[in-house]
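Down below is the structure, laid out as structure tokens.
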Amino acid sequence: MNKSPDSLKKEFEAIVGKDNVMTAEADLHSYSYDAAVLPSQAPAVAVRPETSEALGKVVKFCNDSGLPLTVRGAGSNLSGGTIPAKGGVVVVTGALNKILEINAEDMYAVVQPGVVTAKFAAEVAAKGLFYPPDPGSQTVSTLGGNVAENAGGLRGLKYGVTKDYVMGVDFFDVNGELIKTGSKTVKCVTGYNLAGLMVASEGTLGVFEKIILKLVPPPQAAKAMMAVFDDMIAASRAVAAIIANKIVPATLEIMDNFTIRTVENFRKAGLPVDAQALLLIEVDGHPAMVEEDAQKVEKICKEQGATSVKVAKDAAERANVWQARRDALPALARVSPTTVLEDATVPRSKIPAMMQALNEIAKEYKLQIGTFGHAGDGNLHPTILTDKRNHEEWHRVEKAIDAIFDRALALGGTLSGEHGIGLAKSKYMKLECGLGALDYSRRMKSVLDPKGILNPGKIIGF
């Protein structure tokens, strides 16, 4: 790219308007990093298209000019997926934030990529429907980012993750041509599943223009409970036992003692600080089934060593339980200058073995690791509290991360349950996928994006 900064700015201004082109140092710094603990990289320019037409023109201009392009919603992802390339362009989707349609009769919605997740869920609920995916960053994260990362959340155990609700994605290819995929119908098997290809693609294959999302009826009833354990491994065995008994709670979360104490110090939630582990559980559905499942879950937890099981008596107590769980990351993040949140995921029956491995890794590398997460679907969040400025300690952290992924893969698990690959985990891809799948992915990328401008470096390393 041989254009001068001034020339580049003027050409983008002609596309998106003067107020939507950012080149000031402070602005560019804001778009140089995301929630991953990785080196920042300021882009050459950030642009904010306000229309779909402008978005397509930006994509085409970047490709014609050989400019690396990274799309950014809220930048809340934890794998470096929105850290731009040097000299690149950040395309901010904040102005593309319209809910275009909520169809209660056919139970789908059409949205632009910049719609905030929690706002969308609230609008859907007001129509008497339910959008289940609930990533921890839902109050700020956008639906385009959720699709790009295949975001999960607390309700993933029963309701699945973002991919389970994507019916179609319209996106711009590198030439700025709009590609329409999927349908508003319940079933659609026309052609290649291009919408599925876009899910978890992290902006490396196309730029989302609009998304069609499936909606479902809300549960008629729900009951939340807190099971207290004096042994973390016993709690993890209870998780496996609940699933083995063919009970699928809406939510089944775990917190270790360090996380419990940190959350209670952060916000007085009434958590038992002497507990070695908590299971936070919610069952939902038909009222009669909710009562039956709750009784079964309580019985299983006590058989597995729970010292007590407290059932929320009203909506306020239920809300308090889940706010305590959502406080886990912000509470832990206050403990040390650097917080490394991973999402090692294993088959549910292997949760006890993975919990034991995390304990051993923390001791071996002399690190403080607080563990919480979506235990019901095997998705754990070991959170390393450290200070990246301490080079010796940071070296131990890097070794510990390697060990966490090695153990998860050895147990038949995966590198990521919901955080994506981005820059942070691309080096591990061959360990899980093998060289054949990695080479296939690279060949596909090179055909769809010959100049390599779409979010380069993510997932497959280029």
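Helical runs assigned H by DSSP (4 residues or longer) give the chain a calculated mean residue ellipticity at 222 nm of -11000 deg cm²/dmol, each run adding -39500 (n - 2.57) before division by the residue total. Across the range 69-173, the volume of the C-alpha convex hull divided among the residues equals 103 Å³ per residue.
Taking the C-alpha atoms only, the angle from helix 429-448 to the longest principal axis of the chain is near 30 degrees.
A Stokes-Einstein calculation at 4 °C with viscosity 1.567 mPa s, built on the Kirkwood radius of the chain over Cα pairs, returns a diffusion coefficient of 56 µm²/s. The label-point distance for residue 296 and residue 122, in a model that sets each label 7 Å from Cα toward Cβ, rounds to 3.6 nm.
Using the Cβ of residue 461 as centre and a radius below 15 Å, the other residues enclosed give a net charge of +3, where K and R count +1 and D and E count -1.
Counting only protein chain heavy atoms and rolling a 1.4 Å probe, the accessible areas of 443, 396 rank, largest first, as 443, 396. Beyond 30 Å between alpha-carbons counts as too far, so tell me which of 184/451; 57/427; 366/427; 350/445; 10/388; 158/363 fall in that bin. Over 30 Å apart, Cα to Cα: 184/451; 57/427; 350/445; 10/388; 158/363. Shown are 435, 341, 178, whose ranking by accessible area with a 1.4 Å probe and every protein chain present, most to least, is 435, 178, 341. Counting only alpha carbon atoms, the long axis of helix 232-244 and the longest principal axis of the chain meet at about 80°. Coordinate range of the alpha-carbon atoms in the range 344-410 per principal axis, descending: 36, 20, 15 Å.
Accessible area per residue (1.4 Å probe, heavy atoms of protein chains only) ranks 243, 211 as 243, 211, with the largest value leading.
Ligands, DNA and RNA left out, the accessible area of the chain computed with a 1.4 Å probe is 52% carbon and sulfur.
In a DSSP loop and with at most 14 other Cβ atoms within 10 Å, the GluC sites (Glu not before Pro) in the range 138-232 are 177. Other residues with beta-carbon under 10 Å from the beta-carbon of residue 67 carry, at +1 per Lys or Arg and -1 per Asp or Glu, a net charge of +1. Ordering 84, 73, 51 by the projection of their Cα atoms onto the charge dipole of the range 5-92, which places +1 on the Cβ of Lys and Arg and -1 on the Cβ of Asp and Glu, puts 84 at the extreme positive end. Here the calculated FRET efficiency for residue 184 and residue 310, from their Cβ-Cβ distance with R0 = 41 Å, stands at 0.40, rounded to the nearest 0.05.
Here the dipole of the range 5-92 is about 140 debye; that uses its Cα centre as origin and unit charges on the Cβ of Lys and Arg (positive) and Asp and Glu (negative). Among the trypsin sites (Lys or Arg not before Pro) in the range 1-105, those placed in a DSSP loop whose Cβ has at most 16 other Cβ atoms within 10 Å are 3, 86, 98. Charged neighbours of residue 400, selected by a Cβ distance under 14 Å, balance to -2 (K, R count +1; D, E count -1). Expressed as an acute angle from 0 to 90° and rounded to the nearest 10, what is the orientation of the C-alpha long axis of helix 257-266 relative to the principal long axis of the chain? With rounding to tens, the tilt is 70 degrees. Annotation: amide H of residue 36 within the under-5 Å range of 79, 80, sequence separation 5 or more or interchain, hydrogens built in the peptide plane.
Here r is the Cβ-Cβ distance between residue 265 and residue 289 and R0 is 35 Å; the resulting FRET efficiency, rounded to 0.05, is 0.40.
The values are calculated or read from the model by the stated rules, or taken from the named source; none is laboratory data. None of these values were measured; they are calculated from a predicted model. Here the Cβ is made from the backbone with ideal geometry for all residues, glycine too, and neighbour counts use every protein chain on show. For accessibility, only protein heavy atoms count, side chains too; no ligands or nucleic acids. Shrake-Rupley method; radii C 1.70, N 1.55, O 1.52, S 1.80 Å.
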